[in-house]
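Some notes on the structure that comes next.
The values are calculated or read from the model by the stated rules, or taken from the named source; none is laboratory data. Just so it is clear, the model here is predicted, and its values are computed rather than measured. In this analysis, Cβ positions are derived from the backbone assuming ideal geometry, glycine residues included, and neighbour counts consider all displayed protein chains.
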Amino acid sequence: MTILLYPNNKSNLSEYYKRAFEQAVELFIVTAYLTEWNETLTLNQSCRGFRVIIGKDFGITRKAACEAIMRWLPSQRKGQFMVADQISGFHPKAVFWKESNGACFSIIGSSNLTHAAFNTNFEANVFSTISNDEYVIAKRWVKAIEKLAVVVSEDWLAQYKEAKPNGGISGKAPNEKKEQETAKPLIVFRLPKPKGMNQQIEERRNSLVAYNKNRDGLIDLFRRCANQEITSSDFYEQLPNYWGYDRKDRLTGEGWQIRGKQSNFEMLSQSYMNILEAADEDRDDMVADEIDNLENNNVPTRGAFLSEMLCLEFPQEYPVLNKPIKEYLKKVNFKAPRGASEGVRYVDLAKKLRLSLIQNPTHPAHNLAELDAVIWLAFGN
């Protein structure tokens with residue numbers, strides 16, 4: 001363990017941060033607020049897991065700093081900068097990372113990611129190696145925070161009110177009333193409750209029951225195709241044995257078969273199996289990466305078909321990608337960050353819908369598969 005004090009002794013805090021960015025294969029940063037961002041930082045190209053989660057209490061986070069990190073992030077990472085929008089009292093200042101040799105580290109202390117923290121403030125931090133078990137605990141803690149966070153986008157920034165430089169939203173020191181105001185989430189999801197939704201939800205639940213009866217055979221079909229034991233054509237021909245209207249486990253409407261028939265189901269199956277076998281805490285990143293890979297290879301079934309497979313297997317986590325869902329989010333006026341990749345946009349959609357259920361605990365829909373049925377009834381033809 002190394003104690004990093006400033007200015008009483010020469011602090012190497014900035015060097016440890018630089019090391020984290022350059023050497024981490026996984027890097028998680030949580031900070032109470034963000035007032036600036038160093039765009040000269042270079043993230044390790046092999047970094048497979050990355051999050052920056054900031055707070056919004058009292059309006060201290062600066063919009064310009066958020067815009068800087070949004071510019072800094074490439075399209076495939078636009079969804080990895082988040083704000084703890086649903087959390088009141090978000091005050092951590094910590095960095096956790098793992099390097100390629102498996103060694104794990106942390107920086108925990110008083111410093112936020114600011115120029116002053118590295119140069120002028122009186123700060124006390126600790127740099128330490130941590131065990132893999134401790135790292136796993138920290139990673140899961142960050143992932144729990146992520147469930148109550150939203151991706152920082154232009155739409156979120158447009159609604160965020162930053163404090164005046166001399167303190168407080170009104171320019172005065174934060175008081176209890178102001179604290180309550182800034183603790184409220186900026187984005188509020190109001191879920192539709194169309195007539196007939198209970199019947200739709202019940203039918204969707206029946207579809208999920210039917211899927212579970214066919215699941216083992218369907219996943220085995222994906223596995224055999226991924227391993228090149230059968231061809232794409234074989235996959236397409238055998239698919240109705242496990243999924244479709246006759247099997248009572250199909251969620252989407254007509255239309256995909258003509259375009260999908262010529263799809264590369266081998267590549268799609270490999271992506272699906274990678275997602276299926278990913279650790280729970282890494283699955284969102286895997287989903288985004290695999291969809292982007294399928295887009296780069298022009299695999300047409302990466303949209304409605306793959307998203308339905310994900311929704312059937314992970315009904316709590318992933319929605320079906322369809323027009324009614326897009327219409328609903330258009331009404332909410334909360335788009336993904338500008339320039340985000342296709343995979344990032346889909347995972348961003350999933351996170352928003354998960355959060356909508358957290359915000360509406362009494363809604364009859366209990367998962368994203370059921371919510372899809374409700375939104376289809378409200379916004380579909």
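If Arg250 passes every condition in (1) in a helix (DSSP H, G or I); (2) closer than 18 Å to Leu306 by Cα but one, which one does it miss?
Single failed check for Arg250: (1).
Report yes if some residue within region 2-15 is farther than 19 Å from Thr129 by Cα and under 22 Å from the mean Cα position of the chain (by Cα); otherwise report no. Give the derivation first.
As a first pass, look at region 2-15 and keep what is farther than 19 Å from Thr129 by Cα: 6-10.
Next cut, under 22 Å from the mean Cα position of the chain (by Cα) only: none.
Within region 2-15, none of the residues are farther than 19 Å from Thr129 by Cα and under 22 Å from the mean Cα position of the chain (by Cα).
Can you tell me how many residues in region 182-217 are exposed (fewer than 14 other Cβ atoms within 10 Å of the Cβ) and modelled with pLDDT under 85?
1
Which condition breaks for Asn333 when tested against (1) over 23 Å from Ala373 (Cα atoms); (2) surrounded by fewer than 19 Cβ atoms within 10 Å (Cβ to Cβ)?
Status for Asn333: all satisfied but (1).
Filtering region 16-57 down to residues that are closer than 23 Å to Thr129 by Cα and aromatic (Phe, Trp, Tyr), which residue is farthest from the chain's Cα centre (by Cα)?
The qualifying residue farthest from the chain's Cα centre (by Cα) is Tyr16.
Give Tyr318, Tyr346 a once-over and let me know the one that is touching a residue at least 24 places away in the same chain (Cβ under 8 Å), in contact with a Cys (Cβ under 9 Å, 6 or more places away or on another chain), crowded, with 24+ Cβ neighbours inside 10 Å and hydroxyl-bearing (Ser, Thr, Tyr).
Tyr318
Go through region 350-364 and count every residue that is of a type in the set (A, V, I, L, M, F, W, C), surrounded by 19 or more Cβ atoms within 10 Å (Cβ to Cβ) and more than 17 Å from Leu310 (Cβ to Cβ).
Final tally of qualifying residues: 1.
Give me the pairs: first residue in region 19-33 and acidic (Asp, Glu), second residue surrounded by fewer than 23 Cβ atoms within 10 Å (Cβ to Cβ), beta-carbon distance under 7 Å, and six or more apart or on different chains, which are they?
From region 19-33, the pairs are Glu22/Thr42; Glu22/Asn44; Glu26/Cys47; Glu26/Arg48; Glu26/Gly49.
Determine if region 266-284 includes at least one residue that is part of a helix (DSSP H, G or I), in the same structural domain as Asn206 (by TED's automatic domain parsing), modelled with pLDDT of 95 or more and over 23 Å from the mean Cα position of the chain (by Cα).
Taking every residue of region 266-284 in turn, at least one turns out to be part of a helix (DSSP H, G or I), in the same structural domain as Asn206 (by TED's automatic domain parsing), modelled with pLDDT of 95 or more and over 23 Å from the mean Cα position of the chain (by Cα).
Pairs please, first residue from region 285-309 and in a helix (DSSP H, G or I) and aromatic (Phe, Trp, Tyr), second anywhere and at pLDDT 95 or above and crowded, with 24+ Cβ neighbours inside 10 Å, Cβ atoms under 9 Å, 6+ apart in sequence or on different chains.
That search, which allows pairs on different chains as well, returns Phe305/Leu268.
Can you confirm whether Tyr328 is of a type in the set (Phe, Trp, Tyr) and either more than 15 Å from Ala373 (Cα to Cα) or not in a helix (DSSP H, G or I) (or both)?
In short, no.
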